[in-house]
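Remarks on the structure that follows.
All of the numbers you see were taken from the coordinates with simple rules; none came from a lab. Fair warning: this is a prediction, and the values are worked out from it, not measured in the lab. Cβ placement follows ideal geometry from the backbone for every residue including glycine, while neighbour counts extend to all protein chains displayed.
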Amino acid sequence: MVNGDLDFNYGNASWQQNGTVLQCRQGSNFLEPVTSTLCFLMGSFRSSGNAMKKVLVIDDNPTIVELIKYAVNLQGSYQVVVAYDGVQGLEQVYAERPDCVIIDVKMPRMGGYQLVRCLRGDARTSDIPLIILSAMTREEDQMTGLLSGADEYLTKPFKPTALNEAIERVLRMTPAERQSRADYLARTQTEYE
């Protein structure tokens, strides 16, 4: 399942690889025990001397959260914390101080773009790497996400390796690189208007 594709459709999820399909209907929780067991096993192989980076996943769909947790834990070096809407996510950012945040766009109480702007606008959180992971795939949606302050915008379905590579990329970004990229995006948007 490491290199398969995750697909999301109206709250249902499926994982496809080499002709094998694993499906999950909205509201079912069959992935939870599987991911919990895998996370436990993977955690037992981690070196206790290495400080694990903390990744906060903010998405209102529990099935998708479990799939993202599974994908992130394939890397084996992250502690995953979860929030199920934008407001709860904002509270978790302040409480947990994660090393990286993965954010869905369409959520109750506070959407992903608004959450990204809040985090970028607060000196306490402006340096936290932010990745939007959304089913909104239009170029305009991606540009809106990046202009709101996200460091990366990935679309669903996604490959676990692509998500983990994005996490590694944003964790390596310096504040100067982040600002340079934001300035470039702002100039690019102005040219298209």
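Between Glu177 and Met52, the contour length at 0.36 nm per residue exceeds the alpha carbon distance by 42.6 nm. Set the Förster radius R0 to 22 Å, insert the Cβ-Cβ distance between Arg169 and Ser126 as r into 1/(1 + (r/R0)^6), and round the FRET efficiency to 0.05. So the FRET efficiency works out to roughly 0.75.
Taking the average, over residues, of other Cβ atoms within 10 Å as the packing measure, peptides 143-149, 128-134, 111-117 rank 128-134, 111-117, 143-149 from highest down.
Please report, in cubic angstrom per residue, the volume enclosed by the convex hull of the alpha-carbon atoms of segment 31-192.
Dividing the Cα hull volume of segment 31-192 by its residue count gives 111 Å³.
Given their separation in residues at 0.36 nm each and the Cα-Cα distance between them, Glu96 and Thr155 gain 18.7 nm when the chain is fully extended. What is the distance in Å between the Cα centres of segment 148-193 and segment 106-137? Distance between centres, Cα-based: 12 Å.
For segment 87-193, relative contact order (Cα pairs under 8 Å, six or more residues apart, normalised by length) works out to 24 percent.
Computed extension gain for Gln189 through Arg109, at 0.36 nm per residue and net of the alpha carbon distance, reaches 26.0 nm.
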